[in-house]
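What follows is a set of notes on a single structure, which appears directly below.
The values are calculated or read from the model by the stated rules, or taken from the named source; none is laboratory data. Predicted model only: the values in this text are computed from it and were never measured. Here the Cβ positions follow ideal geometry from the backbone for every residue, glycine too, while neighbour counts run over all protein chains shown.
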Amino acid sequence: MRELYKNNIAYLHKRVTTDNTNDWETEGTPFYCNKEIIKKTKWNPIAGVYAGTAEEVIKTTTQLSFEVNDKITFHKQPYNDVNMGDFSLISAIDPKPYLDKGNKYRKQAYYKYWITIQW
């Protein structure tokens, strides 16, 4: 399958729960992605003004099992530990169908993932 987004290489660190502690894998899984800032405005009827927000979104077509609260880094070896800093936490995942025309002939459907991250 052809990768659609290839500007950056990021590393996915899955969340591992052991003995009531939350840690993340120290070895990340690499994938291609694009990082974009999406600006949104909403009408606030109480104040009578538009309020704007900006979100950082990672777009990828790599078929990994992304989950909320996993971590993404853009360094193969984070400067601090992945459990300390130099990471971004996944806050939302929006899968969109990819190569939809041929999905009925496959055993698995492909998706484009728009991943909202927090620093």
Legend entry - Where THR26 falls short, out of the listed (1) hydroxyl-bearing (Ser, Thr, Tyr); (2) assigned to a loop (DSSP other than H, G, I, E, B); (3) at pLDDT 85 or above: (3)
Legend entry - Residue match in the stretch 28-41 (condition: over 18 Å from LYS96 (Cα atoms) and surrounded by 16 or more Cβ atoms within 10 Å (Cβ to Cβ)): yes
Legend entry - Selection status of THR21, in contact (Cβ under 8 Å) with a residue 12 or more places away in the chain and among the polar types (S, T, N, Q): no
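Consider the stretch 34-62. How many of its residues are touching a residue at least 40 places away in the same chain (Cβ under 8 Å) and under 19 Å from GLN118 (Cβ atoms)?
Restricting attention to the stretch 34-62, the residues satisfying the condition of being touching a residue at least 40 places away in the same chain (Cβ under 8 Å) are 55-62.
Imposing the further condition that a residue be under 19 Å from GLN118 (Cβ atoms) reduces the set to 55-60.
Qualifying residue count, the stretch 34-62: 6.
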Inset, instruction - Give me the pairs, please: first residue somewhere in the stretch 92-111 and loosely packed, with under 14 Cβ neighbours inside 10 Å, second residue anywhere and outside any helix (DSSP H, G or I) and of a type in the set (Val, Ile, Thr), beta-carbon distance under 6 Å, and either six or more positions apart or on two chains. - result: ALA92/THR116
Legend entry - Set LEU4, LEU12: member being modelled with pLDDT under 85 and hydrophobic (A, V, I, L, M, F, W, C): LEU4
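This table checks each residue for (1) under 23 Å from GLN108 (Cβ atoms); (2) in a strand (DSSP E or B); (3) of a type in the set (Lys, Arg); (4) touching a Phe, Trp or Tyr at 6+ places or on another chain (Cβ under 8 Å).
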site	(1), (2), (3), (4)
LYS6	yes, no, yes, yes
TYR11	no, yes, no, yes
TYR32	yes, yes, no, yes
ILE37	no, yes, no, no
GLU55	no, yes, no, no
THR62	yes, no, no, yes
PHE66	yes, no, no, yes
Legend entry - Number of the exception - GLU67 against (1) exposed (fewer than 12 other Cβ atoms within 10 Å of the Cβ); (2) out of contact with any strand residue (DSSP E or B) (no Cβ under 6 Å at 6 or more places or on another chain); (3) more than 18 Å from GLN118 (Cα to Cα): (3)
